[in-house]
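The values are calculated or read from the model by the stated rules, or taken from the named source; none is laboratory data. Here the structure is a predicted model, which means the values were calculated and not measured. So basically every Cβ, Gly included, is an ideal-geometry build from the backbone, and we count neighbours across all protein chains shown. These area figures cover heavy atoms from the full protein model, side chains too; ligands, DNA and RNA do not enter into them. Shrake-Rupley method; radii C 1.70, N 1.55, O 1.52, S 1.80 Å.
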Amino acid sequence: MVVSKIEYYEKESVYFNPFEHFSKRIMEMANKSEYGTKIASKWSQIVNQFLIDEIYPAVHPIGQETFSLYKEFPTGVFEYALYIDGATSLIKENSITPVIYEPSKIIASVDEGNINKDTSNIKTNHKNPVMVLQSQYLTENKPHCINGNHRIFEAYRQNKEQIEVYVFKELEFIPFFYDVWSKAMYFLEIDYNNVINNERNHLKENNDAFAFNFN
């Protein structure tokens, strides 16, 4: 299991300034290359036109299941808000099939801070399946459970032979983002890494960028 820093993340993430983060990323991209200058200019436009009035951190709705995935940056801790109910709907609509894991092979995706170990206070909620997200830009390519932490933990603790897990990798979880800041941050980080490392990951055209298709 992942050693938990959730309590620290929850406290620090509320102080994160997305405008400061975007400003620094934009400046670095602009100074890197001609390609970076074009991407930086587009992200500046996005900030001023689409993000200027957006609220951070996201307000999680009562009665709907969401998940906070935290990411540490030099500028602080950012909260990505994921819509779990929406992810479940996507699974059903697209008839996505789960991956069968031995619990010992997937227990590393569980953050200890997301497990309620008080057995007298566990509220069973299995309306949404076990889901794991894996991303270079959000989880450092490590699997991270976004729903069903306790089910994975119990399957592992009870030495069960297998557990069904829905696994979502790069770009597959875009519809899960609950707020505009989460989606914008994800796309920004892909563009930023492509500029700084002179790569074109997840792009069809060499001069393309996620900034050009952001809406």
Quiz prompt | Segment Val14-Glu102, length gained on full extension (0.36 nm per residue, minus Cα span) | solution = 28.0 nm
Quiz item: For segment 96-215, what is the relative contact order in percent, using Cα pairs closer than 8 Å and at least 6 residues apart in sequence?
Solution: 28 percent
Self-check item: Percent carbon-and-sulfur accessible area, the chain, ignoring ligands, DNA and RNA, probe 1.4 Å
Solution: 46 percent
Quiz item: Can you give the Kirkwood hydrodynamic radius for segment 130-215, in Å, rounded to one decimal and based on Cα pairs?
Solution: 14.7 Å
Practice problem: Let me know the shape class of segment 46-87, please: from the alpha-carbon gyration tensor, a ≥ b ≥ c as square roots of the eigenvalues, rounded when a/c is under 1.5, otherwise prolate if a/b is greater than b/c, or oblate. | Solution: oblate
Quiz item: Once both labels are modelled 7 Å past Cα along the beta-carbon direction, what's the Asp53-Glu112 spacing in nm?
Solution: 4.5 nm
Practice problem: May I ask which of Lys11/Lys183; Lys24/Lys92; Lys24/Lys105; Lys11/Lys105 have a Cα-Cα span longer than 28 Å here? | Solution: Lys24/Lys92; Lys24/Lys105; Lys11/Lys105
Quiz item: Label-point separation (nm) for Glu140 and Leu171, each offset 7 Å from Cα along Cα-to-Cβ?
Solution: 2.6 nm
Quiz prompt | 222 nm mean residue ellipticity, helices alone, for the chain (DSSP H n ≥ 4; -39,500 (n - 2.57); rounded to 500) | solution = -10500 deg cm²/dmol
Practice problem: List the aspartates and glutamates whose Cα lies under 20 Å from the Cα of Lys160, skipping any in the same chain that are fewer than 8 positions away. | Solution: Glu102, Asp111, Glu112
Exercise. May I ask you to give the solvent-accessible area per residue for segment 41-168, in square angstrom, as obtained with a 1.4 angstrom probe?
Key: 54 Å²
Quiz item: Rank Val180, Val3, Val195, Val14 by accessible area, highest first, at a 1.4 Å probe radius?
Solution: Val3, Val14, Val180, Val195
Practice problem: Could you tell me the distance between the Cα centroids of segment 85-111 and segment 160-215, to the nearest Å? | Solution: 18 Å
Practice problem: Work out, in µm²/s and without decimals, the Stokes-Einstein translational diffusion coefficient of segment 40-148 at 37 °C, 0.692 mPa s, Rh from Kirkwood over C-alpha pairs. | Solution: 198 µm²/s
